[in-house]
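The values are calculated or read from the model by the stated rules, or taken from the named source; none is laboratory data. Bear in mind the structure is a predicted one, so any value in this text is a computation, not a measurement. Cβ sites come from the backbone with ideal geometry, for glycine too, and all protein chains shown count toward neighbours.
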Amino acid sequence: MFSKNIIIQAEKLTESTSINLFQQIKFTSLKTPLIEDNILTSYLNKGEKGTPILLLHGFDSSLFEFRRLLPLLSKNHQVFALDLLGFGFTERKLTINYSSENIKIHLQEFWAKMIQKPVILIGASMGGATAIDFTLSYPETVEKLILLDSGGLIKPPIMGKFLLPPLDYLATEFLRNLKVRQSISKTAYFDPHFASEDALQCAALHLECDNWNKALISFTKSGGYRSFSAELDNIKQPTLIIWGENDKILGIQSPKEFQQKIAKSKLIWVKNCGHVPHLECSELTANHILDFTDN
């Protein structure tokens, strides 16, 4: 299911968690109401017991984001990691509008086909906004909600809706530049040593997918995710908010608002950690998650 270029680039992976994850990625042909054709959707499933966990990655990322967290959680739970519509290794059809609404529809169809029971939904960064949107729209599918340095409160810049050629293409080519991605990666971590060559390779593999830039342009022009601030009190599920104390991407104000507005919520700060606790402090993050899910 992978292109030759992706397979060649994957051979550069060096860490065992990265190599193991790549070898376990699966694809399902998913029928949705979005288009007549099925969408070849990439995911990973590990573990068999307990309430299923569903992991949702961040912006311009993939399920590789959970390469360290997933093996730890799968000891106690059946765990799914999904590449959202328009992201990761999931097929990008040119006839689809890659909006947050269509991402939610695709996610619901994946849940209906592959899981079919209430899940513990975990979203990181933009994936947190996806998780919030999904929980508000399909509350019966979510047993508990976990937000990892989550989006969902900050409105996207309005100028993104008006990106015109060639500016839209130039913007994605800027993001394709590995030096740019490495700089972003270093900002995401508290400890810059985590921004290794292997980490860069993990973050760049999906750039080899067909129509990567076109789907990203479509998502940006759709407006991305709005703020869910006014609707957070509608979330009735027990919610765990895990946040790196040194998050330089989203800052440290959002978790306080999440905790204030989501009734059954608990906030845990992770010391000496940036925007990605599931990568930088994976064992500690897994322990917090398992304490929350199993009690």
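Among the residues of region 111-118, are any surrounded by 24 or more Cβ atoms within 10 Å (Cβ to Cβ), of a type in the set (D, E, K, R) and within 23 Å of Met1 (Cβ to Cβ)? If you could, list the steps in order and put the result at the bottom.
Applying the first criterion (surrounded by 24 or more Cβ atoms within 10 Å (Cβ to Cβ)) to region 111-118 yields none.
Scanning region 111-118, I find no residue that is surrounded by 24 or more Cβ atoms within 10 Å (Cβ to Cβ), of a type in the set (D, E, K, R) and within 23 Å of Met1 (Cβ to Cβ), so the answer is no.
Every residue, every condition in (1) among the hydroxyl-bearing types (Ser, Thr, Tyr); (2) in contact with a Cys (Cβ under 7 Å, 6 or more places away or on another chain); (3) modelled with pLDDT of 95 or more, yes or no:
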| residue | (1), (2), (3) |
| --- | --- |
| Ser227 | yes, no, yes |
| Thr239 | yes, no, yes |
| Gly244 | no, yes, yes |
| Ser265 | yes, no, yes |
| His278 | no, no, yes |
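Only one of Lys104, Lys179 is among the basic types (Lys, Arg), modelled with pLDDT of 95 or more, in a helix (DSSP H, G or I) and out of contact with any strand residue (DSSP E or B) (no Cβ under 6 Å at 6 or more places or on another chain). Can you tell me which? Lay out the reasoning, then the answer.
Details: Lys179 fails: modelled with pLDDT of 95 or more.
Just one listed residue meets the conditions, Lys104.
Here is a yes/no grid of residues against (1) within 14 Å of Ala129 (Cβ to Cβ); (2) touching a helix residue (DSSP H, G or I) at 6+ places or on another chain (Cβ under 6 Å); (3) without any contact (Cβ under 8 Å) to a residue 12 or more places away in the chain:
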| site | (1), (2), (3) |
| --- | --- |
| Ile242 | no, yes, no |
| Asp247 | no, no, no |
| Glu257 | yes, no, no |
| Trp269 | no, no, no |
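Would you check if there is a residue in region 151-158 being touching an Asp or Glu at 6+ places or on another chain (Cβ under 6 Å), surrounded by 19 or more Cβ atoms within 10 Å (Cβ to Cβ), modelled with pLDDT of 95 or more and on the phi > 0 side of the Ramachandran plot?
No; the residues of region 151-158 include none that is touching an Asp or Glu at 6+ places or on another chain (Cβ under 6 Å), surrounded by 19 or more Cβ atoms within 10 Å (Cβ to Cβ), modelled with pLDDT of 95 or more and on the phi > 0 side of the Ramachandran plot.
Take the residues of region 69-101 that are aliphatic (A, V, I, L, M) and part of a loop (DSSP other than H, G, I, E, B): which is nearest to Thr293 (Cα to Cα)?
Leu84
What number of residues within region 17-69 satisfy the criterion of being of a type in the set (Gly, Ala, Ser), surrounded by fewer than 20 Cβ atoms within 10 Å (Cβ to Cβ) and either out of contact with any Ser or Thr (no Cβ under 8 Å at 6 or more places or on another chain) or at negative phi (or both)?
So the answer is 1.
Please work out if Ala195 is out of contact with any helix residue (DSSP H, G or I) (no Cβ under 7 Å at 6 or more places or on another chain), surrounded by 15 or more Cβ atoms within 10 Å (Cβ to Cβ) and at pLDDT 95 or above.
no
Please verify whether Asp247 is among the acidic types (Asp, Glu) and closer than 16 Å to Phe59 by Cα, treating the condition exactly as stated.
yes
Consider Gly152 carefully, then state whether it is of a type outside the set (A, V, I, L, M) and under 29 Å from Glu283 (Cβ atoms).
For Gly152, the condition - of a type outside the set (A, V, I, L, M) and under 29 Å from Glu283 (Cβ atoms) - is met.
Note down all Cβ pairs under 6 Å where the first residue falls in region 48-76 and is under 16 Å from Leu121 (Cα atoms), the second is at pLDDT 95 or above and polar (S, T, N, Q), and they're at least six residues apart or on different chains.
Pro52/Gln78; Leu56/Thr130; Gly58/Ser125; Leu69/Ser282
In region 85-133, which residues are touching a residue at least 40 places away in the same chain (Cβ under 8 Å), small (Gly, Ala, Ser) and closer than 28 Å to Lys49 by Cα?
Hits for region 85-133 are Gly88, Gly123, Ala124, Ser125, Gly127, Gly128, Ala129, Ala131.
For region 244-267, which positions are in contact with a Leu (Cβ under 7 Å, 6 or more places away or on another chain) and in a strand (DSSP E or B)?
Lys266
Taking region 9-47 as the region of interest, how many residues are of a type in the set (Asp, Glu), in contact (Cβ under 8 Å) with a residue 60 or more places away in the chain and over 30 Å from His193 (Cα atoms)?
0
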